[in-house]
Amino acid sequence: MEPEATGEPLSEADAHLADAEQAVTAAADLDELQKIRVEYLGAKGKITTLLKRLGRLPPQERPSAGRRINEVKATVEGLLERRRRELREAADRPSVPTDFSLPGRRLEPGRLHPLTLVTEDIVRSFRRLGFAVAAGPEIEDDYHCFDALNTPPDHPARDVQDTFYLREQDRRLLRTHTSSVQIRTMREQSPPVRIVVPGRVYRRDTADATHNPTFHQIEGLYVDRDVTIGDLKGTVSFVFREVLGKEVKLRFRPHYFSYTEPSMEIDFSSPVTRRMGREWLEIAGCGMVHPQVFENVGYDPEIWSGWAFGFGIERIAMIRYGIEDIRKFYENDLRFLRQF
Amino acid sequence: MKITYQWLKRYVDFDWSPGELADRLTMLGLEVEASERVGQSYDGVLVAEVLERAPHPNADRLLVCRINDGQGVRRIVCGADNFSAGDRVPLVLPGYALPTREGEKSRPIKAGKIRGEVSEGMLCSGQELGLSDDGEGLLLLDADATPGQNLGDYLGTDEADTLYDLEITPNRPDWNGVLGIAREVAALANLELRCPAVELQESGSPCAGRIRIRLEDPERCPRYSARLIERVAVGPSPAWLSNLLSKLGLRSINNVVDVTNFVMMEIGQPLHAFDCRSLARNEDGTATVVVRRAHEGETFTSLDGQEHRLNGSEIMIADEQKAVALGGVMGGLNSEITPETTEVLLESACFAPGNIRATSKRLNLRTDASYRFERGVDAQTVDWASRRAAALICETTGGQLRSGAVDAWPEPPEPRRVSLRFERTDRLLGIRIPPEEQLAFLERLGLSRRSKTETAGEFAIPSHRDDLKREADLIEEVARLYGVDRIPATPPRGGTGTHAYDRQHDVLAQARSLLTGMGLHEIQGQTLVSQAAVGVSKLTQKAALENALSADMDTLRPSLLPGLLSALSYNAHHNVGSAALFEAGTVFPVRDERIVEARRLALALTGDRFAPSWTNGANPGDYDVFDLKGRLEVLLESLRIQGLQWQNAGAADSLFQEEGRLTLGKQIVGRFGQLQSDLAAQLDLKKAVLLAELDWDLILARQAAPRPFKPLPVFPAVRRDVALLVDESVNHRDILKIVRQAKPNFLQNVEIFDVFRGRGIPQGKKSLAYALVYRHPERTLTDEEVSSAHFGIVERLEKKTGARIR
């Protein structure tokens, strides 16, 4: 092979660089750019060919010529890459900008029923205090619903809670309160007891804006040594602050329930009650477990004392969400359910 | 129970304002349910006598009157025309104003000239005084009204007052009289109770000479007493009495009946007055009051004119021939006090609560008396009430009281004694109240100390506090008088609770969150539903309630599906045609002819599978049964229920077009499917309705333990597809079973990716396309290994199912 003149490949390389630069800048799309890459850097490309021709140079000139041609190659590669990125980005961009104000494609989650939300909030705060969730049957008998709770048949309190009875020989009933679970739990467990009982209860009230024959209650029961009214008030305050907000004020006033002694009703006051035009709103009943109830379940009232408190879930939900008709909870209108 | 501020103040002289009193009562346990201002002060309003009326010289419609105001004569110009000379009418003096309603400005009357004639005051109508709606003429007062008397004094409503409606808890029957409430206020404020003194003016002959009592049923009537008042003139009650009763919402009847009602409201003891002449006389001239049980089938006409048929359990007040009262509930028409009555037999008695309750409920006859007897009256009060009423009847009717009473009280109860250990109070209340203070509280409530040691006291309980039965009751009294609002709250303490249900609560919460995550909304259906609603779900359930409120709610739901269907239907009627709903709840199916409780979880889907959006056009496709099944699969797998079988149980008499059955071994976990279209049409549901109901008790019982972690694969997988042409009778499950039996140990996964019928597939056949994924846990598989395993499986499928490879 004929030895080549030294200057020749170098000047060719410079010429290719200038041509390539022009071509790359002019390339309109990625296909064109690919053709340019092949023209210069492909196996038979112009710059590749120059590199192949290096062997024809005098040996002492090969290193500097090789360096120069490789520099040109790298520069062309750089130009190609830069242009490729530009063209790629241009190709990514839609011809018309996307309207991001259009609504997204949503996977809408279902919602929990507001009564579940309130129940869960209350259960959660009780659980933070070490309470276990308990449940019991909704079809009950007189013993668990009344007698064991110190409410004998003639007791006027049975009149206060008008009861649905089942049409059957042993006349079971639909429980009128969750307190029957107190009896069932205490008969099964030895003290101490610390439970929270959410559940459905039934009263023979004609449905109207504030009554539904089916509704929900939740109650707490705590039995231990030396449990006091102070403990009751402490726990009630904790739970209601969690459920109704930190700014809530509570008032305890004496009342009567057959299964607690002393018994109290709890009123609360908050910006919400004031918006409703009331300073105090009745929210719950409570008291110290009646010693007769302890005797009925086989606990010694000399050793054990305890408190119970309970309230209606619907009432809390109505206050919290500003719902004025209890029947809304049972219509299951999706336009209502989707709001929670 | 209604009381007024002024009335209460007659018995205890507290110095609280009406608002303060309401707060104090509430904090004592006497919740004030409502309070309103009643009564009216009539400053400057007098009774005036019209002396003369003459036409006004300058006005056709006016009169000029001369009136006597008690002090002298005045001239008044007046626009009314309904009176004549001699009439008593109300007069407002100059400088005083007519009563105002709330928010009205008071405008004093001025003396001056009206159309040229002097007028020194104003004569008023009932409307102007706020006493009636009659604004046409002057209010005409009784002829015996004294000119110059303040109108308030005349009416008996001399002062503005506040009426309270109190909620009386059933444990405190003593609060059903104003005196009981006064006693409580006196104890709270440490004031003296001013119990009215009763002085009887008895005429000589003894009551027992005319009246005998035969008490046949002391269990139902522990005490019966009577007094006899003769020469009674029945007439209207004096103003103080009728006004007080009307403030309390009771109608004034006559001076005898009003007194019995007043004393009942005062002390809580119901009384009854009979016309004594209606009682049959014995040969010796006496009348016997028989307290007996009703005869079965006996009929009795009560005061209100209603006739009752009795069943023999009622307690009757009778003479030897006939009943005259339904004891403790209502008197009889045959012995009622009439204007002609001259002899009044005054009954004061005590009846057993349970029997009165049953009678009043059965006869649907609720009276103020039955209300009080149901709650229990104090047998000790019987005599005081009788004497108080007798004295007032004499005072208001001019009657004469025979001496003494007849009183049958076979077994006066022993006063109860209850002990209190002072330290127990502190232990229960969580504060320290010194024993002396506890003692003082109890004594103020009328408990008398019988014995006392350093640490405890024994107390005699007054008869009106039958609710104080044991130590805890005394502790409550101490707490009430101390003030429960003063007991400080202490932070929660102590150990943690346990209950078997606790874990189940979490599982349910997990299920709820899975279902809402998959887009289902939670609902709460009614437990009590109608027969029709149950019928729509093709279920039968007997109406279970003995005392249902209505046929709409007489049946305990045997399933959650009726509730879901009614929710879907409700929403469809409100133009929400697409819904994904679930409910978790208790149902009441019948097992072995007995209603039992079971927990269920049910799902319903209908309408658009995705919310319509601008990206998917108007019709994104409707839910079908595989949307439902997919949600069930995710739910149950997440809850770690393993070994489920999905079966088609056909359609015979089902709610579903085809009933899907989900089983675990021999147990049925649930049912699902698409609602029959005629049922959907009945509910106005236009799109396919997919329903499922799961046995939640079974799911809770069959949850598997959490699975251990599986190492991530290291070696590559190889996928081979196969499309099989099989008979329609071959199920996906059959294919899986055969593949599994072939068991090449490196077959990792089998997935169906197409089910095809139609072009190129003969009738009665279908094409099932599967992807089989092979992967060895320890090395890379060779092509030959995969091919040979795959070929083996395919061959087996061909042989066992008659499949042809496409």
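Filter the stretch B:528-548 down to residues that are at the interface with another protein chain (Cβ under 8 Å from one of its Cβ atoms), touching a Leu at 6+ places or on another chain (Cβ under 8 Å) and among the aliphatic types (A, V, I, L, M), then give me how many there are.
Qualifying residue count, the stretch B:528-548: 4.
In a residue-by-residue description of the stretch B:36-53, the property of being under 42 Å from the mean Cα position of the chain (by Cα), surrounded by fewer than 14 Cβ atoms within 10 Å (Cβ to Cβ) and touching a residue at least 40 places away in the same chain (Cβ under 8 Å) applies to at least one position. Filtering the stretch B:309-327 to residues that are surrounded by fewer than 24 Cβ atoms within 10 Å (Cβ to Cβ) and charged (D, E, K, R) leaves B:309, B:319, B:320, B:322.
For the stretch B:130-158, a residue qualifies if it is crowded, with 16+ Cβ neighbours inside 10 Å and within 39 Å of the chain's Cα centre (by Cα), and the qualifying residues are B:131, B:155, B:156, B:157, B:158. Would you check which residues across the stretch B:490-529 are more than 22 Å from residue A:197 (Cβ to Cβ) and either modelled with pLDDT under 90 or in contact with a Ser or Thr (Cβ under 6 Å, 6 or more places away or on another chain) (or both) and list them? Across the stretch B:490-529, the qualifying residues are B:490, B:491, B:514, B:529. Assess whether residue A:180 counts as being more than 8 Å from chain B (Cβ to nearest Cβ), within 20 Å of residue B:545 (Cβ to Cβ), of a type outside the set (Val, Ile, Thr) and touching a Leu at 6+ places or on another chain (Cβ under 8 Å). Judged against the criteria, residue A:180 is a match. Here residue A:95 clears all of (1) within 29 Å of the chain's Cα centre (by Cα); (2) of a type in the set (Ser, Thr, Tyr); (3) more than 9 Å from chain B (Cβ to nearest Cβ) except the condition numbered (1).
Of the residues in the stretch A:124-142, at least one is touching a Phe, Trp or Tyr at 6+ places or on another chain (Cβ under 9 Å), surrounded by fewer than 20 Cβ atoms within 10 Å (Cβ to Cβ), more than 21 Å from residue A:263 (Cβ to Cβ) and among the polar types (S, T, N, Q). Considering the stretch A:35-61, the residues that are surrounded by 15 or more Cβ atoms within 10 Å (Cβ to Cβ) and among the charged types (D, E, K, R) include one that is farthest from the chain's Cα centre (by Cα), namely A:61.
Those residues that are in a loop (DSSP other than H, G, I, E, B), charged (D, E, K, R) and either touching a His at 6+ places or on another chain (Cβ under 7 Å) or at pLDDT 90 or above (or both), I need them from the stretch A:144-178; list them, please. A:172, A:175, listed by residue number. Within the stretch B:85-115, the set of residues being more than 55 Å from the chain's Cα centre (by Cα) and either among the hydrophobic types (A, V, I, L, M, F, W, C) or within 22 Å of residue B:136 (Cα to Cα) (or both) comprises B:85, B:86, B:111, B:114, B:115. Just one residue in the set B:231, B:194, B:214 is of a type in the set (D, E, K, R), surrounded by fewer than 18 Cβ atoms within 10 Å (Cβ to Cβ) and under 30 Å from residue A:254 (Cα atoms); that residue is B:194. Close contacts from the stretch B:435-450, counting a first residue that is in contact (Cβ under 8 Å) with a residue 24 or more places away in the chain and a second that is assigned to a strand (DSSP E or B) and surrounded by fewer than 18 Cβ atoms within 10 Å (Cβ to Cβ), with Cβ to Cβ under 7 Å and a gap of 6+ residues or different chains, come to B:447/B:460; B:450/B:417; B:450/B:458; B:450/B:460. Residue A:32 fulfils the conditions (1) within 14 Å of another protein chain (Cβ to nearest Cβ); (2) farther than 30 Å from residue A:338 by Cβ except for a single criterion, (1).
Restricting B:390, B:385, B:408 to those that are out of contact with any helix residue (DSSP H, G or I) (no Cβ under 8 Å at 6 or more places or on another chain) and surrounded by 22 or more Cβ atoms within 10 Å (Cβ to Cβ) reduces the list to B:390. Here A:315, A:278, A:241, A:274 are screened, and the one residue that is among the basic types (Lys, Arg) and either closer than 21 Å to residue B:30 by Cα or at pLDDT 95 or above (or both) is A:278. The residues on offer are A:261, A:282, A:219, and the sole one that is facing chain B (nearest Cβ under 10 Å), buried (at least 17 other Cβ atoms within 10 Å of the Cβ), assigned to a strand (DSSP E or B) and charged (D, E, K, R) is A:261.
Checked against (1) surrounded by 12 or more Cβ atoms within 10 Å (Cβ to Cβ); (2) more than 60 Å from the chain's Cα centre (by Cα); (3) at pLDDT 90 or above; (4) not basic (Lys, Arg), residue B:783 passes all but a single condition, namely (1).
Residues that are at the interface with chain A (Cβ under 9 Å from one of its Cβ atoms) and in contact with an Asp or Glu (Cβ under 8 Å, 6 or more places away or on another chain) within the stretch B:580-617 comprise B:581, B:582, B:583, B:584, B:586, B:588, B:594, B:595, B:597, B:611, listed in sequence order. Is it the case, given these coordinates, that residue A:181 is in contact with a strand residue (DSSP E or B) (Cβ under 8 Å, 6 or more places away or on another chain), hydrophobic (A, V, I, L, M, F, W, C), over 28 Å from residue B:173 (Cβ atoms) and in a helix (DSSP H, G or I)? In short, yes. Restricting the stretch A:222-239 to residues that are hydrophobic (A, V, I, L, M, F, W, C) and either in contact with a strand residue (DSSP E or B) (Cβ under 9 Å, 6 or more places away or on another chain) or in a loop (DSSP other than H, G, I, E, B) (or both), the residue that is nearest to the other protein chains (Cβ to nearest Cβ) is A:229.
Inspect all residues belonging to the stretch A:86-98 and state whether any of them is part of a helix (DSSP H, G or I), in contact (Cβ under 8 Å) with a residue 60 or more places away in the chain, surrounded by fewer than 20 Cβ atoms within 10 Å (Cβ to Cβ) and out of contact with any Lys or Arg (no Cβ under 7 Å at 6 or more places or on another chain). Among the residues of the stretch A:86-98, at least one is part of a helix (DSSP H, G or I), in contact (Cβ under 8 Å) with a residue 60 or more places away in the chain, surrounded by fewer than 20 Cβ atoms within 10 Å (Cβ to Cβ) and out of contact with any Lys or Arg (no Cβ under 7 Å at 6 or more places or on another chain), which makes the answer yes. Within the bounds of the stretch B:560-569, is there any residue that is in contact with a His (Cβ under 6 Å, 6 or more places away or on another chain) and closer than 27 Å to residue A:118 by Cβ? No: zero hits.
Regarding the stretch A:201-213, can at least one residue be identified that is among the acidic types (Asp, Glu), assigned to a loop (DSSP other than H, G, I, E, B), surrounded by fewer than 20 Cβ atoms within 10 Å (Cβ to Cβ) and more than 7 Å from every other protein chain (Cβ to nearest Cβ)? Looking through the stretch A:201-213, at least one residue is among the acidic types (Asp, Glu), assigned to a loop (DSSP other than H, G, I, E, B), surrounded by fewer than 20 Cβ atoms within 10 Å (Cβ to Cβ) and more than 7 Å from every other protein chain (Cβ to nearest Cβ).
Restricting attention to the stretch B:559-604, the residues that are among the hydrophobic types (A, V, I, L, M, F, W, C), more than 18 Å from residue B:534 (Cβ to Cβ) and more than 28 Å from the chain's Cα centre (by Cα) add up to 8.
Identify, please: which residue in the stretch A:151-177 is touching a strand residue (DSSP E or B) at 6+ places or on another chain (Cβ under 6 Å) and among the hydrophobic types (A, V, I, L, M, F, W, C) and is, among those, nearest to the other protein chains (Cβ to nearest Cβ)? Result: A:164.
The values are calculated or read from the model by the stated rules, or taken from the named source; none is laboratory data. Small disclaimer: the values here were computed from a predicted structure and weren't measured. Counting neighbours? That spans all protein chains shown, and the Cβs are built from the backbone with ideal geometry, glycine included.
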